Amino acid sequence: MMLEHILVLSAYLFSIGIYGLITSRNMVRALMYLELILNAVNINFVTFSDFFDSWQLKGNIFSIFVIAIAATEAAIGSAIVSSIYCNRKSTRINQSTLLNK
Amino acid sequence: MVLLTNPIYSALSLGLVLVCISLFYILSNSHFVAAAQLFIYVGAINVLILFAVMFMNGSEYYKDFNLWTIGNGLTSLVCTSILVSLITTILDTSWYRIIWTTRSNQIIEQDLLSNSQQIGIHLAIDFFLPFEFISIILLVALIGAIVVDRQ
């Protein structure tokens, strides 16, 4: 009963994250929705490792790795967004055809 | 979070979501991951995202009117279909049969250890190689972010 509730919450956060990632016109908002997706996946991992694997905790350890990788890509993503903003003064995704000039 | 127009409000609501997810981890008897989430996600990544939001020019966001285009509607349809299929899959799986068939090889000493000690044991013995690779990746990412930001 408890397992299914948390899995439903994780699926809900995941679908909100996918919707926001596809329909965001702003690169920083896309980064935020990507963090939401990774957190939803982490909830799944930790819940399964609590219910099925209390003695070796493989899901917990993998979720720590996912948190570390998410920190890495947030840092690199914000560095890339900052340099794009310095070059072009605008971060709207649908204006990226300006590279053709 | 999707419906807020100001990106600073959106970033603060992301922080609130991350804190609430950390409370779910405490509920799942994994206190180390809860503390790691609170420190790393809320304390570092959310602050980084707030820096990135505030670094951008704030005046161009109020022209970002929330048009409900055809792409938005199609994406919402696809996302609700993904959500409905996931929920039906979750509710149709008999979880208690799986728990009953995997209840085996219980190590007696591990019940007396706390969760962070168990994770420490498994990280140092079973998963030592991914641990070293993650630290190398973090080092490389740090150097890369500094190099990108120098121009």
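Any read-out appearing in this document is the output of simple, stated calculations on the displayed coordinates, not a laboratory observation. In this text, all values refer to a predicted model and were calculated from it rather than measured experimentally. As a convention, Cβ positions derive from the backbone with ideal geometry for all residues, glycine included, and neighbour counts pool all protein chains shown.
Go through the range B:41-55 residue by residue and turn each phi into a ³J(HN,Hα) via Karplus (6.51, -1.76, 1.60, θ = phi - 60°); whole Hz please, and just put x for glycine and proline.
6, 6, x, 10, 6, 5, 5, 5, 5, 5, 4, 5, 5, 6, 6
Please state, rounded to one decimal and in Å, the Kirkwood hydrodynamic radius that the range A:1-91 gives when every pair of distinct Cα atoms enters the mean of 1/r.
This gives a value of 14.5 Å.
Most exposed first by the Cβ proxy, i.e. fewest other Cβ within 10 Å, how do B:Met56, A:Met2 rank?
Starting with the residue having the fewest Cβ neighbours, the order is A:Met2, B:Met56.
In Å and whole numbers, how far do the C-alpha atoms of the range B:6-48 stretch along each principal axis, longest first?
The Cα atoms of the range B:6-48 stretch 36, 16, 6 Å along the principal axes, largest first.
Would you look at the GNM of chain A, springs on alpha carbons closer than 10 Å, and say which of A:Ala68, A:Ala30, A:Ala11 moves the most?
Greatest mean-square fluctuation among the candidates belongs to A:Ala68.
Listing A:His5, B:His122 from the residue with the fewest other Cβ atoms within 10 Å to the one with the most, what is the order?
Ranking A:His5, B:His122 by Cβ neighbours within 10 Å, fewest first, gives A:His5, B:His122.
If the chain between B:Ala44 and B:Asn72 were fully stretched, how many nm would it gain, using 0.36 nm times the residue separation less the Cα-Cα distance?
Value of the extension gain: 7.0 nm.
According to a simple spin-label model (label point 7 Å from Cα along Cα-to-Cβ), what is the distance in nm between A:Glu73 and B:His31?
3.2
Taking R0 as 25 Å, what FRET efficiency do you get between B:Val84 and A:Glu4 from their Cβ-Cβ distance, rounded to the nearest 0.05?
It comes to 0.95.
What nm value, rounded to one decimal, do you get for the distance between A:Phe52 and B:Tyr9 when each label is placed 7 Å out toward the C-beta?
So the two model labels end up 4.1 nm from each other.
How many nm separate the modelled label positions at B:Leu142 and B:Leu91, each set 7 Å beyond the Cα in the direction of the Cβ?
For B:Leu142 paired with B:Leu91, the spin-label model returns 4.8 nm.
Can you give the local net charge around A:Leu21? Use residues other than it whose beta-carbon is closer than 12 angstrom to its beta-carbon, Lys and Arg +1, Asp and Glu -1.
Result for the local shell: +1.
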